[in-house]
Amino acid sequence: MRIDVFTLFPTLVDGFCSESLLGKARGSGILDLRLHDPRQHTTDVHRTVDDSPFGGGAGMLMRPEPIFDSVEAADPPRPLFLLGPGGRRFDQPIAHQLAKLDGFSLLCGRYEGVDHRVRQHLVDGEMSVGDVVLNGGEVAACLVIEAVARLLPGAMGNAASPVDESFGVSGLLEEPHFTRPADFRGWDVPDVLRSGDHARVARWRRAQALHRTVAARPDLIEARGGISDDERVLLEEFPPVPYP
């Protein structure tokens, strides 16, 4: 997959995406990440990419010329998304949709935003990573890239992870996990996980995922059409593991 990112701070994105599984995906050719700095398409000695808004107002705006020129020179894969708080909320279903593409591109805003003509005539849509305001789109770009790239075939060591994890095929949050030691400061790992009964462990995990989702994200239960009779039996069979 090819992902192009247009940013005034390419090293921020490059550094994050060079580590861990993302770095391995880039090194193996699974992910082709290309970074473009609009400052490279300015014509003045100061490499100016911002200006004050017409009509007044606080802050500065990114000028349209360097952005248009940078995108047109790169001929990036489409769709091209502007990262901003007013866009469609990015979530796991969208990550799965993007992972099926050959590529896409991200535009990181800075200052008070971008000239509106970028929205009108250049990008294909706007995407938000949450109801928060950041100094720029770079952190959001890293979030999107990691969420999508980890779904690509071969990007993760365990192919089952994207299926079983939160927001996976089940539509539930992930169940709690435990590792060694079995007794840590008097807090024991549940007996069922040490029983060797794989069928019972699977039922316990399903029950805990249901318990957790009912308590923390009832909207996800509603979205999947509620709880089935078989799932109610599981909830009665296995009490919930406490969460803070």
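Residues considered: L83, L98, L12. Of these, the only one that is under 17 Å from V133 (Cβ atoms) and either within 16 Å of the chain's Cα centre (by Cα) or in a helix (DSSP H, G or I) (or both) is L83. Being assigned to a helix (DSSP H, G or I), closer than 30 Å to L151 by Cβ and in contact with a Ser or Thr (Cβ under 7 Å, 6 or more places away or on another chain), is that true of even one residue in the range 41-57? There is no residue in the range 41-57 that is assigned to a helix (DSSP H, G or I), closer than 30 Å to L151 by Cβ and in contact with a Ser or Thr (Cβ under 7 Å, 6 or more places away or on another chain).
Before we move on, is V163 of a type in the set (A, V, I, L, M), at pLDDT below 95 and within 21 Å of M62 (Cα to Cα)?
For V163, the condition - of a type in the set (A, V, I, L, M), at pLDDT below 95 and within 21 Å of M62 (Cα to Cα) - is not met.
Filter the range 77-101 down to the residues that are exposed (fewer than 15 other Cβ atoms within 10 Å of the Cβ) and among the polar types (S, T, N, Q) and list them by number. If the condition is that a residue be exposed (fewer than 15 other Cβ atoms within 10 Å of the Cβ) and among the polar types (S, T, N, Q), then Q97 is the only one that fits.
Assigned to a helix (DSSP H, G or I) and surrounded by 17 or more Cβ atoms within 10 Å (Cβ to Cβ), is that true of P66? So P66 fits the description; yes. Within the range 103-121, which residues are free of Cβ contacts under 8 Å to residues at least 40 places away in the same chain and either surrounded by 16 or more Cβ atoms within 10 Å (Cβ to Cβ) or among the acidic types (D, E) (or both)? The answer is R119, and nothing else.
The values are calculated or read from the model by the stated rules, or taken from the named source; none is laboratory data. As the structure is a computational prediction, the values presented were derived from the model and not from experiment. Cβ coordinates were reconstructed from backbone atoms using ideal geometry, including for glycine residues, and neighbour counts include every protein chain displayed.
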